[in-house]
1. Keeping to the stretch 144-195, report how many residues are without any contact (Cβ under 8 Å) to a residue 60 or more places away in the chain, within 27 Å of residue 264 (Cα to Cα), over 14 Å from the mean Cα position of the chain (by Cα) and surrounded by 20 or more Cβ atoms within 10 Å (Cβ to Cβ).
2. Of the residues 258, 203, 216, which is touching a strand residue (DSSP E or B) at 6+ places or on another chain (Cβ under 8 Å) and modelled with pLDDT of 95 or more?
3. Do we have any residue at all in the stretch 173-185 that's assigned to a loop (DSSP other than H, G, I, E, B), over 26 Å from residue 30 (Cα atoms), at pLDDT 95 or above and out of contact with any helix residue (DSSP H, G or I) (no Cβ under 8 Å at 6 or more places or on another chain)?
4. From the list 246, 251, exactly one residue is under 30 Å from residue 54 (Cα atoms) and modelled with pLDDT of 95 or more. Which is it?
5. Quick one: is residue 52 modelled with pLDDT under 95 and part of a helix (DSSP H, G or I)?
6. Return yes when residue 6 is more than 30 Å from residue 253 (Cβ to Cβ) and either under 19 Å from the mean Cα position of the chain (by Cα) or modelled with pLDDT of 95 or more (or both) and no when it is not.
7. Only residues that are part of a strand (DSSP E or B), out of contact with any helix residue (DSSP H, G or I) (no Cβ under 9 Å at 6 or more places or on another chain) and within 20 Å of residue 32 (Cβ to Cβ): list them for the stretch 69-123, please.
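The values are calculated or read from the model by the stated rules, or taken from the named source; none is laboratory data. All figures in this text were calculated on a predicted structure; none of them were measured in a lab. For neighbour counting, all protein chains shown are included, and Cβ atoms are generated from backbone atoms with ideal geometry for every residue, glycine included.
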């Protein structure tokens, strides 16, 4: 396969508060992706730990230089000779009690290429469900992209999806792929998930990779699933509604050139 094409997998999981069990599930899915010839695997938000409360999340967080989870991701990337977008991992900071909700990216040799810190934090009131991510997480300060051969991937996490200016920045800087590892709630997922993902793909004429959590987690939290890959025309190339598994697709740079040639909207911008 040429570098102009990239076989990818979005991983769907139902992570809980048993990290060993979560990593074992992720390892099974890495093996399955490798057997399908995948060169880029993308994991969901909080793939290694979904705790019931802030206290458990603080207890599960690690310093980057000591992180068991980052080590696991590095080993999987090197073992399978693939790039890995590590969903998100909770990382401690030496100078703050607040944690980082961070998306690491690894190269096929196991090298850590980049870490993106979630910029937009999920502080919302959905009636029966309330979330205040800022109580434990420090917001990231800058967009982060990473090259994968001739491809350039813009990184984001979950709630970032609602802020189109972030993805516009990525398209302006040459990204052809937008990554959105998520743990969307059932109410917001049912209402907005597919619409937002396809909109980000269409308006930026880019592929969107959206691995997600799916199911019920400790404390009764339920996530929407529907891990998805969309192409630059907004077509859904694959979707897994429920359960653990993979969404597979082959990305093609020629498709991006075709769509951007038909409607050169990125060159028609006035603002």
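1. Result for the stretch 144-195: 2.
2. The match here is 216.
3. Within the stretch 173-185, one or more residues are assigned to a loop (DSSP other than H, G, I, E, B), over 26 Å from residue 30 (Cα atoms), at pLDDT 95 or above and out of contact with any helix residue (DSSP H, G or I) (no Cβ under 8 Å at 6 or more places or on another chain).
4. Selected residue: 246, the only one of 246, 251 that is under 30 Å from residue 54 (Cα atoms) and modelled with pLDDT of 95 or more.
5. Against the criterion (modelled with pLDDT under 95 and part of a helix (DSSP H, G or I)), residue 52 does not qualify.
6. Here the answer is no, as residue 6 does not meet what is asked.
7. 85
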